[in-house]
Amino acid sequence: MFLSFVNNISLLLALSICHSFILQRWKPNSYSYRVASGILFGLITIAGMLNPFVLTEGIIFDGRSFVASVAGLMGGSITAGLVILIGGLYRIWGVGGGGAFTGVCVLASSAGFGILYRYWKNNRPECFSPFYLYGFGVIVHINMLLWMLMLPSSIVWVVISSISLPVMIIFPTCTVVLGKMLQKQIFEITLYDALQQSEEKYRELVENANCIILRLDIDGNITFLNEYAQKFFGYTADEIIGKNIVGTLVPFYDRDGKNLQQMILDIGTSPELYEKNENENMKKDGSAVWIVWSNRGIRDENDRCTEILGIGTDITERRLSEKQIKKLLAEKELLLQEVHHRIKNNMN
């Protein structure tokens, strides 16, 4: 008897592998997932009935009770309904015997308990703890034993006394193992989808941002340039990614004589010293532009700076305006000095 139960438990591995393939194709809680998983769980119940523990002619025991309960728990009424349909039809016409009606009732009620537990567990994350799952498995299989009372009175107590101990020891444990395996798969695929969506939103935000966004390694090599920056500087990603920022987007020295190559190296080693800076930059066509940069260091798990994130705003017009104002002020100062000088000469 224990050997038959162990053989059925081996089906859990096959179920888990097939379930992971379903999750890769369809999202949890989607209609397609519920139908596909219902067919999978149904086929697994048939596989269990192909290698059951046979107590007497037509009275068999296998793992369909915990498979059906977990099917209801994971997929709800659609999944559970398909398990009942597929497993029930096979139990009646494929196996038959005097225990067919009881067997179908066990299958249906186990799936029903799974559905009830599914809705009860909402907003209760602790319900997937081994303790709660084990308790759920115990309830399902007490229900299973109670259905044995529907068997002919001549064999009821023989059946109950023969299968109670292994059922109550092994099947709740199987419920925990199967529930945890499938819950872990669903959690991992849900987390992966959430990360993918987050990355998509981040990528969309960065690419559509109306400002220059770039990343450099600590040597000044460009590792990322958003679409706005590519259009602004006149480069495609293939043309600029991997090249050093000095000599492409930044001249070696600006017009004020500042050593920009050294500044980039300093940012790579001490980004906190350059959280804000203004410097001359250049486009692909050689035209000069002025950009104000906000810089942040990207650090690894050892707190070492590995990349620099820079967000820039074009201030060329402002710089030109400031330069024009300075020029006008200088001209006014010269004119003022000239007028003062002439007045002074006239007075003399």
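Expected output is a single nm value to one decimal: the length gained when fully extending between residue 318 and residue 24, i.e. 0.36 nm times separation in residues minus the C-alpha distance. What is it? Can you show the working numbers first?
Details: separation 294, 0.36 × 294 = 105.84 nm, distance 5.29 nm.
Length difference between fully extended and current span is 100.5 nm.
Give me the angle, in degrees from 0 to 90, between the Cα long axis of helix 153-208 and the longest principal axis of the Cα atoms of the chain, rounded to the nearest 10.
With rounding to tens, the tilt is 10 degrees.
Hey, got the dipole for region 184-277? About the Cα centre, +1 on K and R Cβ, -1 on D and E Cβ, debye to the nearest 20? Mind dumping the intermediate values first?
Numbers: 9 positive and 16 negative charges, 38 e Å.
Its charge dipole is roughly 180 debye.
Taking a 25 Å limit on the Cα-Cα distance, which of the listed pairs 121/180; 201/231; 231/276; 180/201; 258/283 fall beyond it? The partial results should precede the final answer.
Details: 121/180 14 Å; 201/231 21 Å; 231/276 23 Å; 180/201 31 Å; 258/283 18 Å.
Beyond 25 Å between Cα atoms: 180/201.
How many nm separate the modelled label positions at residue 138 and residue 306, each set 7 Å beyond the Cα in the direction of the Cβ?
So the two model labels end up 4.8 nm from each other.
Within the accessible area of region 185-313, what % is carbon and sulfur when the probe is 1.4 Å and the other protein chains stay in place? Walk me through the numbers on the way to the answer.
Values: 3850 of 7490 Å².
Percent of accessible area from carbon and sulfur atoms in region 185-313: 51.
Can you pull the Rg over Rh of region 1-139, Cα-only, Kirkwood? Could you put the intermediate results ahead of the total?
Working: Rg = 14.6 Å, Rh = 15.1 Å.
Rg divided by Rh gives 0.97.
What's the ranking of 48-56, 292-300 by average number of surrounding C-beta atoms within 10 Å, highest first? Could the numbers behind the result be given before it?
On the way: 48-56: 17.7, 292-300: 15.2.
Taking the mean over residues of other Cβ atoms within 10 Å, the ranking is 48-56, 292-300.
First measure r as the distance between the Cβ atoms of residue 259 and residue 204, then evaluate 1/(1 + (r/R0)^6) with R0 = 41 Å and state the FRET efficiency to the nearest 0.05. If you can, show how the numbers build up before the last one.
Working: r = 37 Å, r/R0 = 0.91.
About 0.65, to the nearest 0.05.
Can you give me the C-alpha center-to-center distance between region 48-112 and region 125-178, rounded to a whole angstrom?
Spelled out, the Cα-based centre of one part sits 14 Å from the other.
So between residue 101 and residue 287, what do we pick up on full extension, going 0.36 nm a residue minus the alpha carbon distance?
Numbers: separation 186, 0.36 × 186 = 66.96 nm, distance 8.58 nm.
Answer, rounded to one decimal: 58.4 nm.
Starting from the eigenvalues of the Cα gyration tensor, five times each then square-rooted, give me the equivalent ellipsoid semi-axes of region 236-313, largest first, whole Å. Each step should come with its number before you reach the end.
Values: eigenvalues 97, 47, 24 Å².
After scaling each eigenvalue by five and taking roots: 22, 15, 11 Å.
Cα atoms only, region 157-206: Rg and Dmax in Å?
That works out to 21.3, 71 Å for Rg and Dmax.
Positive end of the dipole of region 76-190, charges at C-beta (+1 Lys, Arg; -1 Asp, Glu), about the Cα centre: which of 88, 186, 164 has its Cα farthest in that direction?
Final value for the positive-end residue is 186.
Mind giving me the FRET efficiency for residue 169 and residue 298? R0 is 45 Å, r the Cβ-Cβ distance, nearest 0.05 is fine.
Working: r = 54 Å, r/R0 = 1.19.
So the FRET efficiency works out to roughly 0.25.
How large is the direction-averaged shadow of the alpha-carbon convex hull of region 196-261, in nm²? Display every interim value, and only then the final one.
Values: hull surface 21.2 nm².
Result: a mean projected hull area of 5.3 nm².
In what sequence, highest mean first, do 64-72, 251-259, 305-313 appear when ranked by Cβ atoms within 10 angstrom?
Numbers: 64-72: 31.3, 251-259: 12.0, 305-313: 18.7.
Taking the mean over residues of other Cβ atoms within 10 Å, the ranking is 64-72, 305-313, 251-259.
Using per-residue counts of other Cβ atoms within 10 Å, averaged over each peptide, order 171-183, 264-276 from highest down. The partial results should precede the final answer.
Details: 171-183: 21.2, 264-276: 15.1.
Taking the mean over residues of other Cβ atoms within 10 Å, the ranking is 171-183, 264-276.
How much area per residue is accessible in the chain when the probe is 1.4 Å and only protein heavy atoms are counted (Å²)?
Details: 19250 Å² over 348 residues.
Solvent-accessible surface per residue comes out at 55 Å².
Roughly what angle does helix 31-49 make with the longest principal axis of the chain, taking Cα atoms, 0 to 90 degrees, to the nearest 10?
Taking Cα atoms only, the helix is inclined about 40 degrees.
Mind giving me the FRET efficiency for residue 124 and residue 196? R0 is 35 Å, r the Cβ-Cβ distance, nearest 0.05 is fine. Can you show the working numbers first?
Working: r = 27 Å, r/R0 = 0.77.
E between residue 124 and residue 196, to the nearest 0.05, is 0.85.
The values are calculated or read from the model by the stated rules, or taken from the named source; none is laboratory data. Bear in mind that the values here come from a model prediction, so they are computed numbers and not experimental data. Using ideal geometry, Cβ is built from the backbone for each residue, glycine included, and neighbour counts are taken over all protein chains shown. The accessibility values were calculated without ligands, DNA or RNA, using every heavy atom of the protein model including side chains. Shrake-Rupley method; radii C 1.70, N 1.55, O 1.52, S 1.80 Å.
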